[in-house]
Amino acid sequence: MAEERDEPAPPAKLPPLTTWGFALFYFGSAYWTAWNFAMAVFFGAAGCPVKMYKRTCDLLDVKFRKRNDCPALDLANVNPRFFLCNHRGWGDFTIDGRLTGGASYLSRSLVLVALPVQCGLMWILHGIIFFKRTRPVNLEHLGNLLCDSMANSETGKCIIFPEGTRNTEPKGKPLKRGTLSIAYSRKIPCQVLISTNKEFVVNEAQMKARQGVTVTFATSGVIDPSKYETEAKFFEEIDQEWAKTWQLAYDEAAPSKEYHPDIIPVRGPSTERLNVFRAAAAASAAVVAAAAIC
């Protein structure tokens with residue numbers, strides 16, 4: 001279980017933004033993704049996503065605190081689940097991934113251009129799901145992508161940003177209904193996870209980052225769509241829990257505990273795409289060797 005300790009909350013003053021911090025984030029996450037991916041390729045080692053998130057958070061010295069009056073994150077099973085998270089910036093991918101034990105991400109394809117090593121290798125391990133924004137959204141296709149990824153990922157869970165856009169305001173925006181409709185129709189339980197200060201860890205616009213930021217988070221209980229007679233009632237419950245969890249996370253007067261997230265891979269990596277990568281790597285090595293001999 002994740003370790004929690006009662007301690008005074010740290011001061012609110014933020015550490016300075018530095019180019020060095022961004023280099024640690026960018027190249028550190030790329031290195032640890034490649035390293036843990038290699039362990040999965042050659043030794044079948046589990047935990048590539050969450051180990052990369054842990055190493056990156058350690059490099060940036062991210063500290064976690066959990067609000068006292070909220071349920072625990074239940075990570076020790078492979079039952080499908082959507083974690084509904086607030087989207088603040090690039091720091092989300094490391095921080096939310098760390099808190100959720102390496103859950104998969106639903107992300108726009110454009111992020112592959114910005115973080116090619118991290119996202120490319122994570123895709124092979126079903127740690128990220130790429131989608132393109134289209135009008136109208138093909139919910140059947142998107143639902144199939146999500147369910148396939150969760151079935152093949154190490155955790156069986158996926159991180160969703162239901163606001164549908166980045167939001168650095170001090171309150172949440174109205175939630176988009178697409179992925180929530182998928183959750184209802186496919187009976188996928190949801191849990192709200194709201195974290196503070198993520199936008200202060202990495203500032204991608206300035207290509208700078210901070211070390212030593214404290215991230216405080218709050219969660220809702222697990223919301224099971226099978227218990228709601230209609231989609232509208234399910235949406236209403238999600239909206240209420242989203243607002244309540246957001247308010248608790250950002251309530252500076254609410255007590256919190258120091259929190260040390262779990263790092264427990266639930267199951268090993270899927271070999272579906274790994275085997276294709278292994279075959280391609282072996283063929284490439286054979287071609288290089290033949291060219292060197294000739």
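The equivalent ellipsoid of the stretch 95-157 has semi-axes of 19, 16, 10 Å, largest first, where each one is the square root of 5 times an eigenvalue of the Cα gyration tensor. Think of a 1.4 Å ball rolled over the protein heavy atoms: the chain then has 48 Å² of accessible area per residue. Helix 231-249 and the long axis of the chain differ in direction by around 80°, with both axes built from C-alpha atoms.
For the stretch 112-269, what % of the accessible area comes from carbon and sulfur atoms, probe 1.4 Å?
That share works out to 54 percent.
For LYS208, the amide hydrogen comes within under 5 Å of the amide hydrogens of ASN203, counting only partners 5 or more places away or on other chains and with H modelled in the peptide plane. Between helix 271-293 and the chain there is an angle of about 30 degrees, using the helix long axis and the longest principal axis of the Cα atoms. For a paramagnetic label modelled on PHE277 (point 7 Å from Cα along Cα→Cβ), amide N atoms under 14 Å away belong, within the stretch 96-136, to 116-129. Scattering from the stretch 21-70 was approximated by placing one identical point on each alpha carbon and applying the Debye formula without solvent; log10 I(q)/I(0) at 0.26, 0.29 1/Å stands at -0.89, -1.00. Calculated FRET efficiency, VAL287 and PHE27, Cβ-Cβ r, R0 45 Å, to nearest 0.05? With a Förster radius of 45 Å, E is 0.95.
A 1.4 Å probe, protein heavy atoms only, puts the accessible area of TRP35 near 120 Å².
Per-residue extension of 0.36 nm, minus the Cα-Cα distance of GLU231 and TRP35, leaves a gain of 66.2 nm for this segment.
Between LYS257 and VAL111, what length in nm is gained on full extension when 0.36 nm per residue of separation is reduced by their alpha carbon distance?
Taking 0.36 nm per residue and subtracting the Cα distance, the gain is 49.2 nm.
Residues in the stretch 60-77 near a label at TRP20, defined as backbone nitrogen under 19 Å from the 7 Å Cα→Cβ point? From the stretch 60-77, the list is 60-63. For ARG65, the residues whose amide H sits under 5 Å from its own are VAL215, THR216, PHE217, TYR259, ignoring neighbours fewer than 5 places away on the same chain, with H placed 1.01 Å from N.
The values are calculated or read from the model by the stated rules, or taken from the named source; none is laboratory data. Small disclaimer: the values here were computed from a predicted structure and weren't measured. So basically every Cβ, Gly included, is an ideal-geometry build from the backbone, and we count neighbours across all protein chains shown. These area figures cover heavy atoms from the full protein model, side chains too; ligands, DNA and RNA do not enter into them. Shrake-Rupley method; radii C 1.70, N 1.55, O 1.52, S 1.80 Å.
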